[in-house]
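What follows is a set of notes on a single structure, which appears directly below.
Laboratory data are not the source of any read-out in this text; all were calculated from the coordinates shown. What you see is a predicted model; the values in this text were computed from it and never measured.
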Amino acid sequence: MKKTLLTAAVAALALSAAQAVSLSWSGTAGQSNGTLTLGSLNESFVLTANITLTGKTPEGFTNNAPVIGFGKLIDADNQYNGLAWYNGSNGIGAHFNNAWTTADVPAYNPDGDAAQNTHTYALTFTAANGGWDIELSIDGVTLGVVSDASMGWGQAPSADYGSLGFGTGDLETTITVTNDAPWTVNSVSVQTVPEPTALALLALGVAGVALRRRVA
């Protein structure tokens with residue numbers, strides 16, 4: 001039984017690895033276009049960005065200016081789904097829009113108006129009902145969650161509403177990284193979030209091995 005649990009755990013983790021998300025760049029990652037590829041359409045993943053905030057919003061700067069965008073432009077105001085600059089807080093938040101709703105996770109700047117401080121921004125996409133629930137965190141602190149699961153691959157990419165860019169059956173979308181006066185994107189990475197079933201099986205397998213050693 002213990003051997004079976006461990007084997008199942010390893011198999012589940014191997015399947016998760018086989019479906020791993022990946023990110024490739026067509027140019028310099030500091031300011032370029034990338035391609036985000038999923039292993040499956042119900043995959044949960046996290047996008048992490050190391051970003052330096054360079055100070056207070058310049059006068060006349062565009063609110064909701066894109067920082068890291070998914071898919072196509074949402075509208076003529078040059079907005080994407082993804083991370084965006086918020087003038088009111090002099091910081092970066094999350095902005096998502098589709099045909100049914102617009103959802104924002106307002107930003108805060110951990111440094112106020114202080115200049116040249118670097119932070120870790122994470123967007124965690126948890127698969128739910130044909131789309132994703134999306135959590136924004138800064139330096140490990142959760143700011144909020146976009147829990148509209150219709151934000152996902154089921155909606156075809158649109159210049160008007162801009163889903164995440166995953167059309168039905170499409171495992172790829174584009175990532176656009178933009179640097180501007182108030183911030184500098186230093187690096188971007190993606191990682192698969194293991195399925196709860198795989199983690200549970202792994203825990204059972206490890207517990208089984210530990211128990212077997214104790215009995216022996």
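When the Karplus curve 6.51 cos²θ - 1.76 cosθ + 1.60 is applied with θ = phi - 60°, which whole-Hz ³J(HN,Hα) does each residue of the range 52-69 get, with x for Gly and Pro?
Calculated HN-Hα couplings, in order: 9, 8, 9, x, 5, 4, x, 4, x, 6, 6, 5, 6, 4, x, 10, 10, x Hz.
Going by amide H atoms built from the backbone, whose H comes under 5 Å of the H on T54, apart from near neighbours?
When sequence neighbours closer than 5 places are left aside, the close amide H contacts are Q116, W183, T184.
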